[in-house]
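Notes to accompany the following structure.
Every number here is computed from the coordinates shown, using simple stated rules; none is lab data. Just so it is clear, the structure is predicted and the values come from calculations on it, not from any experiment. Neighbour counts run over all protein chains shown; Cβ positions are idealised from the backbone, glycine included.
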Amino acid sequence: MAHFQVNKTIKEINEKIKKGQAVVVTAEEMIGIVKKKGAVKAAKEVDVVTTGTFSPMCSSGAFINIGHTKPGIKAAKIWLNGVPTYAGLAAVDAYIGATEPREDDPLNKIYPGEFLYGGGHVIHDLVAGKPVHLKAVAYGTHCYPKKYVEKRIRLRDLPYAQLCNPRNAYQNYNCAINLTKKTVFTYMGTLKPNMGNANYCTSGQISPLFNDPFYKTIGIGTRIFLGGGIGYVIGPGTQHNPSVPRTERGVPIKPAGTLMVMGDMKNMAPRWLVGVSILGYGCSLAVGIGVPIPILNEEIAEFTGISDEEIVTQVVDYGRAYPKGEGESIAQVTYAQLKSGTISINGKEVKTAPLSSYVRARQICFILKDWIESQNFLLGEPQETLPSI
C-alpha cells in the first residue's frame, strides 16, 4: 500500500464544502499550482479540481416515459419528431438514441444517407422546452386496447426523462487524417485528401479522465456536471479499455477509458446538450460533462497537474483505416501541438481543428467550481471505481 504525506477522504472534503472552506480550482489552474509548489503542497492546499469536456458523443440517448393514455396503449413503435424511438421496453417506456435519423428527413430525399435531424436534436429540443411531435402505434391487447396516439408533448409533460449515455468522455482519442486522393466523410468530420487537414476531439489537459488516468476517484456514484445539470457516473462506458500503452505520467497514448452516465433531463440546459449533424456521417449529440476530482493525496494532485505538452495521441489515416478497422499510427503528437493549429507529418505542415470546444469545456470547469464553492454540489462517493486494468 502506497504511503502518502497527504491523506484526505471524500467525506472530509464534503464537510469542508458544507462549511464553505473547500479550496476548489480548475484543471487549468492546477497545472500552474503543481508546477510552482509541487504535488505535496498542492495536495495540502487544494481540495477539488474541476474538469470539463464538450464534444459530439455519439453513444448517447435518453430513457423516457410518454405517459399513459385513456384507454391504455402498449406502444410497439414510437416516433418523436419523426425519429424512430425504441419501444421494446414496457407499455409507454422508450429509448431514443442520439444518432437515430428522422425517417422523412428532407436532406435524405435529395442526398441518400445524409441527415439534418436526429435523436440528438430531439433531446436538445425537449431540454429547450420546445414542443415535440409524438406518434405511437400498437397492436392492441385486452389491458392496453388503444392502437394509436398522436399529439405534441413537451419535456414538462413527460413523467420521466433521463439522459442515459452508454459511452461518454473518452479518455484520449485518435487524431484523424486522410492519406487518400479523395475527400472522406467520417464521424471525425470531413477529411481533405493528401493530408489536407487533421481533426481531433478531446479537450486535452482539462478533460476528466486525463486528470484521473487510473480512475482512483471516479466510479459508480460519482456526481458530475451533465448537460447543464447534475448527473452521475453509473459505470464504465462501452468500449472502456484501460489496458493500453501509457506514458510515464500514466496517460494513455490511445483511446482508453470511457464513462456511462445518467441524469435528469428536466434539470439540464440546451446549451450543454446540442444536436449536431456531421456531413457524410449522420446525427449526434454534443454533450457537456464536468467531473470533480477530489485531491485525496499528492499522487492525485500530480495527476491533475498534467498539461497538453505531456499528453500524446496517435495520428490515424481514416481514409484507409476505416471502416476496415483501426489502422496503424502514422505519427504521435501532443495536444499542445494539435492546439497550436498545425502538426508536422512526414515533413508536411498539416492544419488541425478540434471537434470539441475548449471554450465550453473551460466554462464547465468554472461552473462546477462555482457550484462547489457555493455549497450547492457535494462530491459523490464512488461505490466502486472503474476498472483500471
Of all the Cα-Cα pairs you can form in the chain, what percent are over 34 Å apart? 33 percent
Around C175, which amide H atoms from residues at least 5 apart in sequence, or from another chain, sit under 5 Å from its own amide H, with H modelled in the peptide plane? Q314, V315, V316
Do you know the relative contact order of the range 1-152, to the nearest whole percent, from alpha carbon pairs under 8 angstrom that are 6+ apart? 20 percent
The chain, relative contact order in percent, only Cα pairs under 8 angstrom and at least six apart counted: 25 percent
Checking the range 210-280 for trypsin sites (Lys or Arg not before Pro) in a loop per DSSP with at most 16 other beta-carbon atoms within 10 Å yields R249
Can you tell me the FRET efficiency between F366 and H142 if r is taken as the Cβ-Cβ distance and R0 is 35 Å, rounded to the nearest 0.05? 0.05
Quick check on the exposure proxy: order H3, H240, H68 from fewest to most C-beta atoms within 10 angstrom. H3, H68, H240
For the range 175-210 and the range 1-44, distance of Cα centres in Å: 35 Å
For the range 57-109, the spread of Cα positions along each principal axis, largest first, Å: 37, 25, 14
Do you know the relative contact order of the range 84-144, to the nearest whole percent, from alpha carbon pairs under 8 angstrom that are 6+ apart? 23 percent
Please state the equivalent ellipsoid semi-axes for the range 286-378: what are the square roots of 5 times the Cα gyration tensor eigenvalues, largest first, in whole Å? 33, 16, 14
24 Å Cα cut-off, lysine pairs counted over the range 127-181 (separation 8 or more, or different chains): 4
Comparing V49, V350, V274, which has the greatest mean-square fluctuation in the GNM of the chain with Cα pairs linked when under 10 Å apart? V350
For the chain, take the longest principal axis of its alpha carbons; what is the angle in degrees between that and the long axis of helix 27-45, to the nearest 10 within 0 to 90? 50 degrees
Give me the Kirkwood hydrodynamic radius of the range 1-112 in Å, from all C-alpha pairs, to one decimal place? 19.3 Å
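What number, rounded to the nearest 500 deg cm²/dmol, is the helix-based mean residue ellipticity at 222 nm of the chain, given -39500 (n - 2.57) per DSSP H run of at least four residues and division by all its residues?
Values: 7 runs with 71 residues, N = 389.
About -5500 deg cm²/dmol.
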If each residue's Cβ is checked for other Cβ atoms within 10 Å, how do K181, K41, K369 rank with the fewest at the top? K181, K41, K369
Starting at the first residue of the range 57-72, write each ³J(HN,Hα) from the Karplus equation 6.51 cos²θ - 1.76 cosθ + 1.60 with θ = phi - 60°, in whole Hz, x for Gly and Pro. 10, 5, 7, 9, x, 8, 8, 9, 10, 7, x, 6, 9, 10, x, x
For I293, the residues 5 or more places away or on another chain with a placed amide H closer than 5 Å to its own amide H are V49, T50, T51
Between S59, S374, S356, which gets the highest mean-square fluctuation from a Gaussian network model of the chain, Cα cutoff 10 Å? S374
Determine ³J(HN,Hα), in whole Hz, for all residues of the range 172-179 in sequence, where each value follows from phi through the Karplus function 6.51 cos²θ - 1.76 cosθ + 1.60 and θ = phi - 60°; x replaces Gly and Pro. 6, 7, 5, 9, 9, 9, 9, 8
Subtracting the Cα-Cα distance of K77 and K348 from 0.36 nm times their residue separation yields 92.4 nm
The distance between the Cα centres of the range 281-360 and the range 68-103, in whole Å, is 36 Å
Helix 358-373 vs. the chain, principal-axis angle (Cα, 0 to 90°, nearest 10): 80 degrees
Quick one: which residues, 5+ away or cross-chain, put their amide H under 5 Å from the amide H of C201? H built at 1.01 Å from N. L355
Take the chain, connect every pair of alpha-carbon atoms lying under 10 Å apart with a spring to form a Gaussian network, then pick out the residue of L116, L80, L158 with the largest mean-square fluctuation. L158
